[in-house]
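A quick write-up on the structure given underneath.
The values are calculated or read from the model by the stated rules, or taken from the named source; none is laboratory data. All figures in this text were calculated on a predicted structure; none of them were measured in a lab. Positions of Cβ are generated from backbone atoms using ideal geometry, with glycine treated the same way; all protein chains shown enter the neighbour counts. We work out accessible area using only protein heavy atoms, side chains counted, and drop any ligands, DNA or RNA first. Shrake-Rupley method; radii C 1.70, N 1.55, O 1.52, S 1.80 Å.
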Amino acid sequence: MKNIELTLAKDIFKKDYRWLDRDFKKGEHVNLHNGSPHGCISKNGIACETDENDSFFELPATALSLRHEGKDFGIFMTEQKMGHQLFYCKEFPIDHMDLLTKTQSNIHLIDSKKSKPDYKTENQILKVIIKNGNLVSELGQLEDVAPLF
């Protein structure tokens with residue numbers, strides 16, 4: 001099974017996340033944990049592992065990014081369902097708080113009549129489904145996520 005590589009989008013310090021054994025620096029790579037996290041990961045975290053360590057650990061989802069078709073996408077929201085994980089991602093640069101506000105408040109905050117030609121691009125998201133170690137991704141719009149709340 002191929003490792004799914006994630007990249008740190010910002011520095012994560014042990015002093016802020018006491019369960020970590022060390023600091024993680026922006027640009028550093030970690031792998032998505034392939035096994036079961038046994039219910040130990042919070043809804044805002046992702047189970048990760050490194051090549052140097054067999055055990056998994058939690059990193060905040062919003063501190064991680066993944067690469068899709070040559071572009072880096074920041075993870076702004078996750079869902080954990082029976083047997084699979086969903087990551088909702090946006091191409092950098094992103095404002096995590098703005099995205100969460102839009103998705104949690106509802107789609108009425110998103111102006112679908114916006115006349116700017118880049119409307120589709122700026123509201124484009126990448127939905128990644130990871131099931132049994134396989135990654136399936138599809139591009140969508142922020143409106144597709146908002147009705148989930």
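Report whether or not residue 36 is loosely packed, with under 13 Cβ neighbours inside 10 Å, without any contact (Cβ under 8 Å) to a residue 60 or more places away in the chain and in a loop (DSSP other than H, G, I, E, B). In short, yes.
The single residue among 43, 15, 26 that is within 30 Å of residue 139 (Cβ to Cβ), at pLDDT 95 or above and assigned to a loop (DSSP other than H, G, I, E, B) turns out to be 26.
The number of residues in region 48-68 that are buried (at least 20 other Cβ atoms within 10 Å of the Cβ) and over 19 Å from residue 11 (Cβ atoms) comes to 1.
Does region 40-49 contain at least one residue that is without any contact (Cβ under 8 Å) to a residue 24 or more places away in the chain and farther than 25 Å from residue 132 by Cβ? No, because not a single residue in region 40-49 is without any contact (Cβ under 8 Å) to a residue 24 or more places away in the chain and farther than 25 Å from residue 132 by Cβ.
Only a single criterion out of (1) open to solvent by less than 50 Å² (accessible area, probe 1.4 Å); (2) farther than 19 Å from residue 135 by Cβ; (3) among the aromatic types (Phe, Trp, Tyr) is not satisfied by residue 19, namely (1). Checking each residue in region 50-72 for being part of a strand (DSSP E or B) and under 8 Å from the mean Cα position of the chain (by Cα) picks out 64, 65, 66.
For residues that are aliphatic (A, V, I, L, M) and in a loop (DSSP other than H, G, I, E, B), tally how many sit in region 73-99.
Of the residues in that region, 2 qualify.
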